[in-house]
Amino acid sequence: MKRFENRVVIVTGAGSGIGAATARRFAVEGARVVLAGRTREKLEKVAATLPNDKHLVRVADVSDYDQVEGLVRAAVDKYGRLDVMVNNAGVASEGRATEDSVDAWHKVISIDLDGVFHGARAALPHLMKTKGCIVNTASVSGLGADWNMAFYNTAKGGVVNLTRSLALDYGRDGVRINSVCPTLTRTDLTVDMFKDEKLLDKFRERIALGRTAEPEDIADVIAFLASEDARFITGVNLPVDGGLSASNGQPPQ
């Protein structure tokens, strides 16, 4: 299936995890993929795994609007259009608000929330021309809170409502805007968590399907939301969580 033949897709945070899996998924379906991130070496490694040579590697820090605008401009200059913007880059910080640093707050907000705004703002003029779409990576942590994750929860909660707001404002321009809300997923950010079997058992207990997520589980849903199969879906923050959010929080019997 080639749902994205000759379509141009930008994926931020494409050097690993969900971003890398998303870049591969779009490439398999025929897209011209622009892989963006802060480390060229990581991006090049992912690019080498793509099934074709229709891609562009671009180093960009999503917390810097000028760099994001330059990323979008480079994609349009090379391919003449932009069809899909995947705002995926993210970081996390753990600790209570009085214990984690103020610098950590600004870093998480600048990448996880400002980065999504920067990507949307830079991409929207081009997406209005192509009737394209945006898919943001939010989190179940944007739908409800975690212990000791106030900075991350706040940023992802902002992404959730930014997604809704942009969907309302740009729907009449033909641009669809949605987000995915994953649960714990195996990525570079969660390496330490996946070494903790007791913690993983707690997640498995809460997740209806009995396992945590792999990057491809999320990438497949991003591709769906960006496709014509989802042509009447906008403003949705879709949990991709194995049934985690179906629970009211009480333990299984």
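The values are calculated or read from the model by the stated rules, or taken from the named source; none is laboratory data. What you see is a predicted model, and the numbers here were worked out from it, not measured in a lab. Cβ sites come from the backbone with ideal geometry, for glycine too, and all protein chains shown count toward neighbours. Only protein heavy atoms, including side chains, enter the accessible area calculation; ligands, DNA and RNA are left aside. Shrake-Rupley method; radii C 1.70, N 1.55, O 1.52, S 1.80 Å.
Values for this structure:
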quantity	calculated
Residue list for the range 115-126, restricted to those being open to solvent by 30 Å² or more (accessible area, probe 1.4 Å) and touching a helix residue (DSSP H, G or I) at 6+ places or on another chain (Cβ under 8 Å)	PHE117, ARG121, HIS126
The range 147-161, residues that are open to solvent by less than 30 Å² (accessible area, probe 1.4 Å), in contact with a Leu (Cβ under 9 Å, 6 or more places away or on another chain) and more than 19 Å from LEU124 (Cα to Cα)	ALA155, LYS156, GLY157
The range 14-45, residues that are of a type in the set (Gly, Ala, Ser) and closer than 20 Å to ARG186 by Cβ	ALA14, GLY15, SER16, GLY17, GLY19, ALA20, ALA21, ALA23, GLY37
LEU199 vs. criteria modelled with pLDDT under 95 and either hydrophobic (A, V, I, L, M, F, W, C) or surrounded by 21 or more Cβ atoms within 10 Å (Cβ to Cβ) (or both)	yes
From GLY235, GLY158, residue being assigned to a loop (DSSP other than H, G, I, E, B), at pLDDT 95 or above and among the small types (Gly, Ala, Ser)	GLY235
Test: residue in the range 8-21 that is over 23 Å from GLY142 (Cβ atoms) and surrounded by fewer than 23 Cβ atoms within 10 Å (Cβ to Cβ)	no
Counted residues, the range 127-139 - those being surrounded by fewer than 20 Cβ atoms within 10 Å (Cβ to Cβ) and either among the polar types (S, T, N, Q) or in a helix (DSSP H, G or I) (or both)	3
Selection from the range 40-79 of residues that are open to solvent by 60 Å² or more (accessible area, probe 1.4 Å) and small (Gly, Ala, Ser)	ALA48
Residue check for VAL57: touching an Asp or Glu at 6+ places or on another chain (Cβ under 9 Å) and farther than 18 Å from PRO215 by Cβ	yes
In the range 83-106, residue nearest to ASP169 (Cα to Cα) [restricted to those that are open to solvent by 70 Å² or more (accessible area, probe 1.4 Å) and free of Cβ contacts under 8 Å to residues at least 24 places away in the same chain]	HIS106
Test: residue in the range 196-210 that is closer than 29 Å to LYS107 by Cα and in contact (Cβ under 8 Å) with a residue 60 or more places away in the chain	no
Residue that is nearest to ILE18 (Cα to Cα), among those in the range 205-232 that are open to solvent by 50 Å² or more (accessible area, probe 1.4 Å) and among the hydrophobic types (A, V, I, L, M, F, W, C)	PHE224
Members of the range 167-183 that are open to solvent by 20 Å² or more (accessible area, probe 1.4 Å) and part of a helix (DSSP H, G or I)	LEU168, ASP169, TYR170, GLY171, ARG172, ASP173
Residue identified as open to solvent by 10 Å² or more (accessible area, probe 1.4 Å) and either farther than 18 Å from ALA226 by Cβ or of a type in the set (Ser, Thr, Tyr) (or both) among ARG186, ARG164	ARG186
